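Written below as structure tokens is the structure these notes are about.
The values are calculated or read from the model by the stated rules, or taken from the named source; none is laboratory data. Predicted, not measured: the structure shown is a model, and the values here were computed from it. Every residue, glycine as well, gets a Cβ built from its backbone with ideal geometry; the counts of neighbours run over all protein chains shown. These accessible areas exclude ligands, DNA and RNA; they are computed on the full protein's heavy atoms, side chains included. Shrake-Rupley method; radii C 1.70, N 1.55, O 1.52, S 1.80 Å.
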Amino acid sequence: MQISTRFGAQEIDPASIIMFPHGLAGFDGLHEFKLFHEEGKPSVFYLQSLDDPEVQFPVVNPDAYQV
């Protein structure tokens with residue numbers, strides 16, 4: 001399976017798809033997501049919907065931003 005992302009076309013391994021059976025709050029119709037990150041910059045990931053590739057959420061590890 002291949003989709004378009006902010007980082008260009010990406011090949012998706014079906015085993016790496018994250019399922020939300022009831023969707024996310026406000027996005028009830030979106031159930032399949034995948035995490036992506038820019039090559040060499042794994043500090044910010046993007047949780048992208050496979051149902052609607054225009055929907056993306058940035059995801060960070062909060063421990064990386066401790067003061």
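Heavy-atom accessible surface of LYS34, to the nearest 10 Å², is about 40 Å², with a 1.4 Å probe and all protein chains retained. Expressed as a whole percent, the accessible surface of the chain that belongs to carbon and sulfur atoms is 55, based on a 1.4 Å probe. Residues of the stretch 21-37 with an amide N closer than 15 Å to a point placed 7 Å from the Cα of PHE57 along the Cα-to-Cβ direction: 21-36. Summarising the amide proton neighbourhood of LEU24: residues at separation of 5 or more, or on other chains, whose placed amide H is nearer than 5 Å comprise LEU30. Hey, quick one: spin label on MET19, modelled 7 Å out along Cα-Cβ, who in the stretch 29-55 has an amide N within reach, i.e. under 11 Å? Those under the cut-off are 32. Considering only C-alpha atoms, what is the centroid distance from the stretch 1-28 to the stretch 31-67, in Å? Distance between centres, Cα-based: 11 Å. SER49 sits among other residues whose Cβ lies under 15 Å from its own Cβ, and their net charge, with Lys and Arg +1 and Asp and Glu -1, is -3. Once you have a ≥ b ≥ c as the square roots of the Cα gyration tensor eigenvalues for the chain, tell me rounded if a/c is under 1.5, and otherwise prolate or oblate according to whether a/b is larger than b/c. Note, shape of the chain comes out oblate. Taking amide H positions as modeled 1.01 Å from N, with prolines and chain starts lacking one, the residues under 5 Å from ASP51 and 5 or more places away or on another chain are HIS31, GLU32.
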